[in-house]
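The values are calculated or read from the model by the stated rules, or taken from the named source; none is laboratory data. Predicted model, so just to flag it, every value in this text is computed and none were measured. Note that we place each Cβ from the backbone using ideal geometry, even for glycine, and neighbour counts take in every protein chain shown.
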């Protein structure tokens, strides 16, 4: 049994298993050599104060490899003993989409290898578990749909006007700004929003950040979904099967999202039967694959990891502060 004292000793880190398709069509992944430890490993590093593990993973991969990446599905979490406690590393699959390696203080060499060659090259056994996850063929490397619940918009009874015109409140605007800062790492290709104003306002900052329009999706508004649930489910299934570009962001409502997830076969871990999957305001479900072989990852929010160092996250225009 873990205690609060044990949790306080967790060293939180995050990283990426970066992949590309090689010249002969083989899946290749990137290993880094760290001269400080004289080992071959996956790019990773400790969380900064106030940082979510996903953003730490993207930052660390960029700092160590110089590569630009498109984030895919969440990979495995590794844990192992270090001198100051228990190190926990959260990994994501990441497709290399640009950039170039330059030797730096942490990494002096990188190698692109096939997965079997990388398994043989890595120094630590815990990295092999992450490489095995990359090699899976039953689920895709990346999500095809990012299903977003609209951000906070106050209470219906407190708004004097049609419910579809209820805007985001201050908390909701903060949540929308966070989504605009985080979701671009998944390289979305399309933005959709249900008819209510609060759905559109949730993705408008993301739209501005990406320079991408927001299209309407009445099938996934509560009224449209209630009238024809199958149409909404079929739309999500079509988007899941699409292979064009990056994922589609859909901002929908609490009356539709859990039903769509249940129809796709998503069940919340540790529960039995058809208990509703969670869908908090401002949350995101990253979905990939197909019913029966679905990757479904829930991001309740993108707040700082509880195991991250205390204090505020501070960055200068030059990078890390």
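The residue pairs whose first member lies in the range 125-140 and is in contact (Cβ under 8 Å) with a residue 12 or more places away in the chain, whose second member is surrounded by 15 or more Cβ atoms within 10 Å (Cβ to Cβ) and assigned to a helix (DSSP H, G or I), and whose beta carbons are closer than 7 Å, counting only pairs six or more residues apart or on different chains, are 131/115; 131/118; 131/119; 134/115; 135/115.
Scanning the range 13-27 for residues that are outside any loop (DSSP other than H, G, I, E, B) and either surrounded by fewer than 20 Cβ atoms within 10 Å (Cβ to Cβ) or not assigned by TED's automatic domain parsing to the domain that holds residue 127 (or both) turns up 20, 21, 27. Checking each residue in the range 61-77 for being surrounded by fewer than 22 Cβ atoms within 10 Å (Cβ to Cβ) and more than 29 Å from residue 240 (Cα to Cα) picks out 63, 66.
When the residues of the range 233-245 are filtered to those that are out of contact with any helix residue (DSSP H, G or I) (no Cβ under 7 Å at 6 or more places or on another chain) and part of a helix (DSSP H, G or I), the one that is surrounded by the fewest Cβ atoms within 10 Å (Cβ to Cβ) is 241. Checking every residue in the range 92-101 against the condition of being under 20 Å from residue 295 (Cα atoms) and surrounded by fewer than 23 Cβ atoms within 10 Å (Cβ to Cβ) gives at least one match. Pairing residues of the range 18-39 that are more than 20 Å from residue 59 (Cβ to Cβ) with residues that are surrounded by 11 or more Cβ atoms within 10 Å (Cβ to Cβ) and at pLDDT below 95, at Cβ distances under 6 Å and at least 6 apart in sequence or on separate chains, gives 28/22. For the range 140-165, give me each residue that is in a loop (DSSP other than H, G, I, E, B) and either over 15 Å from residue 204 (Cα atoms) or not assigned by TED's automatic domain parsing to the domain that holds residue 193 (or both). Selection gives 140, 141, 142, 143, 144, 154, 155, 159, 160, 161, 162.
Here residue 230 fulfils each of the conditions (1) in contact with a helix residue (DSSP H, G or I) (Cβ under 8 Å, 6 or more places away or on another chain); (2) in a helix (DSSP H, G or I); (3) farther than 30 Å from residue 58 by Cα apart from (1).
Among the residues of the range 28-55 satisfying the criterion of being part of a helix (DSSP H, G or I) and surrounded by fewer than 23 Cβ atoms within 10 Å (Cβ to Cβ), which is nearest to the chain's Cα centre (by Cα)?
Taking the range 28-55 as the starting set, the residues that turn out to be part of a helix (DSSP H, G or I) are 53-55.
Next, from what is left, pick out any that are surrounded by fewer than 23 Cβ atoms within 10 Å (Cβ to Cβ): 54-55.
On the way: 54: 6, 55: 9 Å.
Going through the qualifying residues, I end up with 54.
Residue 183 meets the stated requirement of being touching a helix residue (DSSP H, G or I) at 6+ places or on another chain (Cβ under 8 Å), outside the structural domain of residue 96 (by TED's automatic domain parsing) and at negative phi.
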